[in-house]
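Take a look at the structure set out below.
Each value in this text was obtained by applying a stated rule to the coordinates, not by laboratory testing. The model shown is predicted, which means the values in this text are computed figures rather than measured ones. Counting neighbours? That spans all protein chains shown, and the Cβs are built from the backbone with ideal geometry, glycine included.
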Amino acid sequence: MSHLSVLAIASEAFPLVKTGGLADVVGALPAALRREGVAVRTLIPGYRRVLAATWDATVVHTMPALHGGAARIRASSVDGFDVLVLDAPHLFDRPGNPYLGPDRKAWPDNAQRFAALAAAGAALARGAAAGFAPHVVHAHDWQAGLVPAYLHFGPAPRPATVMTVHNLAFQGQYPRSVFAELGLPPHAFGIDGVEYYGDVGYLKAGIALADCITTVSPTYAAEIRSPDAGMGLDGLLRKRADVLLGIRNGIDDDVWNPASDPHIAVRYDATCLEFRAQNKNALQARFGLAPDPDALLFAIVSRLTWQKGSDLVLDTLPELLHTGGQLAVLGSGDAELEHRFAAAVKAHPGRVAIVRDLDEPLAHQMHGGADALLMPSRFEPCGLTQLIALRYGVVPVVARVGGLADTIVDASEMALAAGAGTGIQFAPTTREMLEAALDRTARLWRDRSVWHRIQRHAMRCDVGWRRPAREYATLFRQLAARAA
Ligand code: ADP
């Protein structure tokens, strides 16, 4: 197998910095691709905590003037993850969240920060770091959306470009005045370039100008070509449909493995599901829920937003509780939803509880002990938590959209008879259908032998990165061959 070199550019990578699934994907894909003969180096911003974790990184390129200050690109390796850090303190060396200031509003210079990331990525793509000449550049989400633009409007030859959309809801749209700061030629501001309804669109630019576009599940790749899910970009996505491809995400099955998970009280596999009882008990204690082994314990590990259907969970709470269920929530998000969850906790002590943190070990404990995972998303590009749930024998209750449609097999009678059935699906994402799904879930729970069968089916699923990595590797090789 010949060696292929890829430069990935993203705003997050687990474990260095994570606010969502993007970080998991960017962090895990390189190791899986290495097994396919693809070497990935990943450029991420030098946020304060990234700088701290890579203090020994060596400088491979300097940029004396990058959006108002000097910048350096530094290379390091963190547990085998080959990282390139954009060390630009005036843009990234700040406390807190990568995108939001202490006031929970977007940093006012996000347009400049992520234009800088893309410019640095484009420089590396063109060989700025000695000895590194990538065949393919892989841009993730809007924060890297300008990379294909810089390469497209720059001199030939250039490496092939892939734009991966992890969530079309976040687009990086900025006023036209930003264009003058980007250093792109005047003709780049046009319908076939970076212009987006009179503004500058970073994700739009990537989708318009990359050689190939991927998104994180086949169903989402189809959905986003329609006005309903296209979020204003469906016309462009239809136009580019011949180079648009869905590759489902995987999870790192070493990090997420109930047989070796250091965060859970009792480790287990599909042959000893009864061990989960102790984890459930520990989880109930952690959340202050009644220590009832027979209560159907639902977990939510998620941002609390309209996308994730968090409002529907609150609306259907009476049904969930009526059937004897409990609800443990790990997550934070929209202020109003957080407020409503807090009120629900007060109204139902011992039956509803929330931890409003980002807590990686607790996320593991939720999967190790909960019975079901609730994911009533209105749209879901792929979703990772349902994949983790499958691996841990937590039964996912999901809306039939995007990656949830692709990864969960509804436990209908027919599916169960055929030895399939890994969760409960419902559609459309409405209060009524979620109520019906909760009802079905409770009925399945009452027959524990059926429930255990669903758990075992779930745990047999291939949710790792091997297959998707193979698809990425094939795509990268095709693009590199064409570009050569
Ligand atoms: P998103 O749309 O937020 O990216 P995904 O399901 O694709 O949703 O990925 C979410 C990732 O973030 C998963 O790894 C999940 O376990 C993790 N996660 C979400 N909320 C929390 C939280 N409060 N604490 C710890 N991990 C979380």
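Quick notes on this structure:
- Using a Förster distance of 25 Å, the FRET efficiency for Glu336-Met231 (Cβ separation, nearest 0.05): 0.70
- In range of the label at Ser5: residues from the stretch 141-161 whose backbone nitrogen is under 16 Å from the point 7 Å along Cα→Cβ: 157-161
- Mean separation of Cα contacts under 8 Å, 6 or more apart, over the residue count of the stretch 143-288: relative contact order %: 20 percent
- Close amide H pairs (under 5 Å, H built 1.01 Å from N) link Val352 with Leu327, residues at least 5 positions away or on another chain.
- Once the C-beta distance of Ala31 and Ala222 is scaled by a Förster radius of 30 Å, the resulting FRET efficiency is 0.55 to the nearest 0.05.
- Reachable lysines from Lys308, criterion Cα separation under 23 angstrom, eight or more residues apart if same chain: Lys18, Lys105, Lys346
- Taking all Cα pairs closer than 8 Å and separated by 6 or more residues, the relative contact order of the chain comes to 12 percent.
- When each of Thr271, Thr385, Thr19, Thr219 is scored by the number of other beta-carbon atoms lying within 10 Å, the sequence from fewest to most is Thr271, Thr19, Thr219, Thr385.
- Take the Cβ atoms of Lys239 and Arg443, set R0 to 51 Å, and the FRET efficiency comes out at 0.65.
- The chain: antiparallel DSSP beta bridges as a percent of all, rounded to 5: 30 percent
- About the Cα centre, charge dipole magnitude for the chain (Lys/Arg +1, Asp/Glu -1 at Cβ), debye: 600 debye
- Selection from Ser11, Gly37, Pro98 lying farthest towards where the dipole of the stretch 1-107 points positive, charges on Cβ: Pro98
- Gained length - His452 relative to Ala65, 0.36 nm times residue gap less alpha-carbon distance: 133.3 nm
- Sum of side-chain charges, Phe341 neighbourhood, beta-carbon under 11 Å (Lys, Arg +1; Asp, Glu -1): -1
- Added length on full extension, which subtracts the Cα-Cα distance from 0.36 nm per residue, Glu360 to His90: 94.3 nm
- Backbone amide hydrogens, once placed in the peptide plane, bring Leu66 within less than 5 Å of Ala71, excluding anything fewer than 5 places away on its chain.
- The local environment of Ala75, defined by Cβ-Cβ distances under 13 Å, has a net charge of 0 under the rule Lys, Arg +1 and Asp, Glu -1.
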